[in-house]
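Take a look at the structure set out below.
The values are calculated or read from the model by the stated rules, or taken from the named source; none is laboratory data. Just so it is clear, the structure is predicted and the values come from calculations on it, not from any experiment. Cβ placement follows ideal geometry from the backbone for every residue including glycine, while neighbour counts extend to all protein chains displayed.
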């Protein structure tokens, strides 16, 4: 009986082999965090599938290519809550998936990276922008697709300096990530020759982001908060927590532009970006997801496309070969940014141009003209090789 | 005296220029216009208003019409070369960019960037007669000299698809470097050249074995690698010399088509896109997207001899008898 069964299997394998070999299956996991952050602007409120929607589009794109190479890509999506044991969930996900795209806070990502270290599963960080993940806390099994805070701050800093807006009034929020962003902006000012004329902190005293009589009060608060500042060209706001920055444009005491967390914002993607063939992916994305594409969507798309690209280049379903190719100098990916994106070999951070968008239009793309580098102009953004604290292992 | 001398000089120069007056049509992607240039005087003779985002542009085989893909209007417009006015449109499918025709001028194949298809159009009936599913973001289109194989390149799939023109089935897929944009056969059919904009190379493909046999690589001192983005390709009829437009490198590479080595780089305008030869092959005209002009290259001396201002963001170009 048992032998008969084996015989049948062998026969069916031969039969299918005669028709067409079964496609090579490439399984990609997506590990995101549950719940979306609350934003000041209703139109910027992320969708439930923020990020995942981008990965889904990349899986479609990979499969269109895959049908010519007999490769098939799947996406296995899991969301974790703060109370969940993220390491255990990731280990379960890694049992069926060779690669995991993550959208997790820094500490959770490190837990997952360490839990999966011995399995050889590679993580593609699409969500966390913390520099420490690429510096003192870097890991050999984490590829960073999201830009860092310092890359974002440098992209903005280069433009403001190019524009000759060199006197900055820096206003930062009172939460930890606001302070980290303010650090990155200070660093950018020093690197590119801008001057922070004064710093102010906007304390988060709690309170709802949406109120029926909100505007009247804000209109009185913001001018008062920004008055009596020394002469400055631009107000730079560090407010990742979405507490105040979007209240600033048009409400500053002095008539000055706002940049950073509101006004002119550095970002990896914007729904208005249409250069370098980008309109094609924007159209594909809207068709598939019935909404516009965000930066997180693009970061997840790029992560899943990187796996697709390396799989088609190596023509292999063997993760070891694919990962070796991803980390090799031959790897590059096209992502509608006008140049090929490559990995920094010292910390596995994806080099990428950064868009500067105002919510309606893409105003500019950094690196700016004239910011030169001996290896790649993209390395004028963020922490460069000589300064790195990363020792990959 | 000086003026007379100059005048005489000009007359001599004019007399020396052979009566090879051709007409070049340039599509201006942002201007929504087509610029008409007389190649005898190198002057703009007319600017034709067309649909939105004109890019791919080509003469019909009989020379009576110029067809221009206006991507944002989802159609191809037909310009009568006698009146230089739009007389018709073709059912191209969504977002047409580049297209090619068979030798008889009866069938047209259009790359539709938005829905991963190549649309087949009967030019006599002006009707859409079929679709072929290809990779993500189809772009470059060409047909083999014997008319049997249609080539389409797909920008995100990174392949050259070989399509049998009789069965309209894909017979082979060849992986090339990132973002393949343009495909060009040698006139003897021995090689297919495919430019990869982001990869920064031109792949040489054996059209029989369907394998990449070599690559043209580019290196320009003082210019960072990422700025070298090959797009348009032009091949002389004797298959000896190829010209490759290098996008934001602002140069056209002159390539020995036998050894696949770059012979020299010609500085042209900013962000050079596409090109076409005058039918006598004395000149090559290239479009410069960012500087809004067209550079004229003298083939014999391999020098840029002229720059002509055109419309906003010139993209494609086609040249033929008036």
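Among the numbered criteria (1) free of Cβ contacts under 8 Å to residues at least 12 places away in the same chain; (2) under 16 Å from residue B:264 (Cβ atoms), which one does residue B:243 miss?
Going through the list (1) free of Cβ contacts under 8 Å to residues at least 12 places away in the same chain; (2) under 16 Å from residue B:264 (Cβ atoms), residue B:243 breaks only (1).
Among the candidates A:259, A:303, single out the residue that is buried (at least 24 other Cβ atoms within 10 Å of the Cβ) and assigned by TED's automatic domain parsing to the domain that holds residue A:170.
Values: A:303 fails: assigned by TED's automatic domain parsing to the domain that holds residue A:170.
Answer to the selection: A:259.
Go through segment A:306-321 and count every residue that is within 14 Å of chain B (Cβ to nearest Cβ) and out of contact with any strand residue (DSSP E or B) (no Cβ under 6 Å at 6 or more places or on another chain).
Residues meeting the conditions: 7.
Checking the condition surrounded by 16 or more Cβ atoms within 10 Å (Cβ to Cβ) and within 14 Å of chain B (Cβ to nearest Cβ), which residue from A:298, A:293 passes? Before you say what the answer is, go through the steps one by one.
On the way: A:293 fails: within 14 Å of chain B (Cβ to nearest Cβ).
None of the others qualify; the one that does is A:298.
Sort through A:330, A:297 and tell me the only one that's assigned by TED's automatic domain parsing to the domain that holds residue A:33 and outside any helix (DSSP H, G or I).
A:330 is the lone residue from the list that is assigned by TED's automatic domain parsing to the domain that holds residue A:33 and outside any helix (DSSP H, G or I).
If a residue must be within 21 Å of the chain's Cα centre (by Cα), part of a strand (DSSP E or B) and over 20 Å from residue B:208 (Cβ atoms), how many such residues does segment B:116-140 contain?
Residues flagged as within 21 Å of the chain's Cα centre (by Cα), part of a strand (DSSP E or B) and over 20 Å from residue B:208 (Cβ atoms) within segment B:116-140 amount to 7.
Wholly within segment B:237-322, which strands (runs of 3 or more DSSP E) include no fewer than the required count, namely at least 2 residues that are surrounded by fewer than 18 Cβ atoms within 10 Å (Cβ to Cβ)?
Output list reads B:261-267, B:303-309.
Of the conditions (1) surrounded by fewer than 23 Cβ atoms within 10 Å (Cβ to Cβ); (2) touching a strand residue (DSSP E or B) at 6+ places or on another chain (Cβ under 9 Å); (3) at pLDDT 95 or above, residue A:98 satisfies every one except a single condition; which number is it?
Among (1) surrounded by fewer than 23 Cβ atoms within 10 Å (Cβ to Cβ); (2) touching a strand residue (DSSP E or B) at 6+ places or on another chain (Cβ under 9 Å); (3) at pLDDT 95 or above, residue A:98 violates only (3).
Taking the stated definitions as given, is residue B:132 surrounded by 23 or more Cβ atoms within 10 Å (Cβ to Cβ) and either away from chain A (no Cβ under 13 Å) or within 19 Å of residue B:91 (Cα to Cα) (or both)?
No, not satisfied.
Name the one entry in B:21, B:15 that is closer than 23 Å to residue B:284 by Cα, assigned to a loop (DSSP other than H, G, I, E, B), over 19 Å from the mean Cα position of the chain (by Cα) and at pLDDT below 95.
On inspection, the qualifying residue turns out to be B:21.
With respect to residue A:250, determine if the residue is part of a loop (DSSP other than H, G, I, E, B), surrounded by 16 or more Cβ atoms within 10 Å (Cβ to Cβ) and not assigned by TED's automatic domain parsing to the domain that holds residue A:47.
no
How many residues are away from every other protein chain (no Cβ under 13 Å), touching a helix residue (DSSP H, G or I) at 6+ places or on another chain (Cβ under 6 Å) and under 19 Å from residue B:226 (Cα atoms) if we restrict to segment A:322-336?
1
Looking at (1) within 11 Å of another protein chain (Cβ to nearest Cβ); (2) within 20 Å of residue B:55 (Cα to Cα), find the lone condition where residue B:177 falls short.
Exception for residue B:177: condition (2).
Given the condition within 22 Å of residue B:225 (Cα to Cα), crowded, with 18+ Cβ neighbours inside 10 Å and modelled with pLDDT of 95 or more, answer yes or no: does some residue in segment A:367-375 qualify?
Checking segment A:367-375: at least one residue is within 22 Å of residue B:225 (Cα to Cα), crowded, with 18+ Cβ neighbours inside 10 Å and modelled with pLDDT of 95 or more.
From the residues in segment A:267-290 that are under 22 Å from residue A:354 (Cβ atoms) and not in a loop (DSSP other than H, G, I, E, B), which one is nearest to the other protein chains (Cβ to nearest Cβ)?
Among residues in segment A:267-290 that are under 22 Å from residue A:354 (Cβ atoms) and not in a loop (DSSP other than H, G, I, E, B), the one nearest to the other protein chains (Cβ to nearest Cβ) is A:280.
Consider residue A:126 carefully, then state whether it is closer than 28 Å to residue A:369 by Cα and either buried (at least 24 other Cβ atoms within 10 Å of the Cβ) or free of Cβ contacts under 8 Å to residues at least 60 places away in the same chain (or both).
Here the answer is yes, as residue A:126 does meet what is asked.
The rows are residues; the columns are (1) outside the structural domain of residue A:335 (by TED's automatic domain parsing); (2) in a loop (DSSP other than H, G, I, E, B); (3) touching a residue at least 12 places away in the same chain (Cβ under 8 Å); (4) buried (at least 23 other Cβ atoms within 10 Å of the Cβ).
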| site | (1), (2), (3), (4) |
| --- | --- |
| A:132 | no, no, yes, no |
| A:136 | no, yes, yes, no |
| A:140 | no, yes, yes, no |
| A:154 | yes, no, yes, yes |
| A:164 | yes, yes, yes, no |
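Test of understanding: among B:91, B:54, which residue is in contact (Cβ under 8 Å) with a residue 60 or more places away in the chain and more than 14 Å from chain A (Cβ to nearest Cβ)?
Exactly one residue qualifies, and that residue is B:54.
Considering only residues of segment B:142-158 that are facing chain A (nearest Cβ under 10 Å) and farther than 18 Å from residue B:131 by Cβ, which is surrounded by the fewest Cβ atoms within 10 Å (Cβ to Cβ)?
B:155
Of the residues A:382, A:317, only one is at pLDDT below 95 and part of a loop (DSSP other than H, G, I, E, B); which?
A:317
Return the residues of segment B:33-47 that are under 26 Å from residue B:282 (Cα atoms) and part of a strand (DSSP E or B); say none if nothing qualifies.
Residues satisfying the conditions are B:34, B:35, B:36, B:37, B:38, B:43, B:44, B:45, B:46, B:47.
Give segment A:89-122 a look and list any residue that's part of a helix (DSSP H, G or I), within 12 Å of residue A:139 (Cβ to Cβ) and under 20 Å from the mean Cα position of the chain (by Cα), or say none. Show your work before the answer.
We begin by selecting, within segment A:89-122, every residue part of a helix (DSSP H, G or I); these are A:89-96, A:106-119.
Checking which are within 12 Å of residue A:139 (Cβ to Cβ) leaves us with A:106, A:109-117.
If the condition is that a residue be part of a helix (DSSP H, G or I), within 12 Å of residue A:139 (Cβ to Cβ) and under 20 Å from the mean Cα position of the chain (by Cα), then A:106, A:109, A:110, A:111, A:112, A:113 are the ones that fit.
Cβ-Cβ under 8 Å, sequence separation 6+ or interchain: first residue in segment A:59-83 and within 14 Å of chain B (Cβ to nearest Cβ), partner exposed (fewer than 15 other Cβ atoms within 10 Å of the Cβ) and assigned to a loop (DSSP other than H, G, I, E, B). Which pairs?
Correct list of pairs: A:69/A:315; A:70/A:20; A:70/A:21.
Of everything in segment B:205-229 that's over 30 Å from residue A:370 (Cα atoms) and crowded, with 20+ Cβ neighbours inside 10 Å, which residue is farthest from the other protein chains (Cβ to nearest Cβ)?
Among residues in segment B:205-229 that are over 30 Å from residue A:370 (Cα atoms) and crowded, with 20+ Cβ neighbours inside 10 Å, the one farthest from the other protein chains (Cβ to nearest Cβ) is B:207.
Please state which of the following conditions residue A:347 fails to meet, knowing it meets all the rest: (1) more than 12 Å from chain B (Cβ to nearest Cβ); (2) assigned to a helix (DSSP H, G or I); (3) out of contact with any helix residue (DSSP H, G or I) (no Cβ under 8 Å at 6 or more places or on another chain).
Just one mismatch for residue A:347, condition (2).
With the checklist (1) part of a loop (DSSP other than H, G, I, E, B); (2) in contact with a helix residue (DSSP H, G or I) (Cβ under 6 Å, 6 or more places away or on another chain); (3) outside the structural domain of residue A:321 (by TED's automatic domain parsing) in hand, flag the one item residue A:206 doesn't pass.
Of (1) part of a loop (DSSP other than H, G, I, E, B); (2) in contact with a helix residue (DSSP H, G or I) (Cβ under 6 Å, 6 or more places away or on another chain); (3) outside the structural domain of residue A:321 (by TED's automatic domain parsing), only one is false for residue A:206: (2).
Would you pick out the residues in segment A:67-88 that are assigned to a helix (DSSP H, G or I), in contact with a strand residue (DSSP E or B) (Cβ under 9 Å, 6 or more places away or on another chain) and either within 20 Å of residue A:145 (Cα to Cα) or at pLDDT 95 or above (or both)?
Result: A:86, single match.
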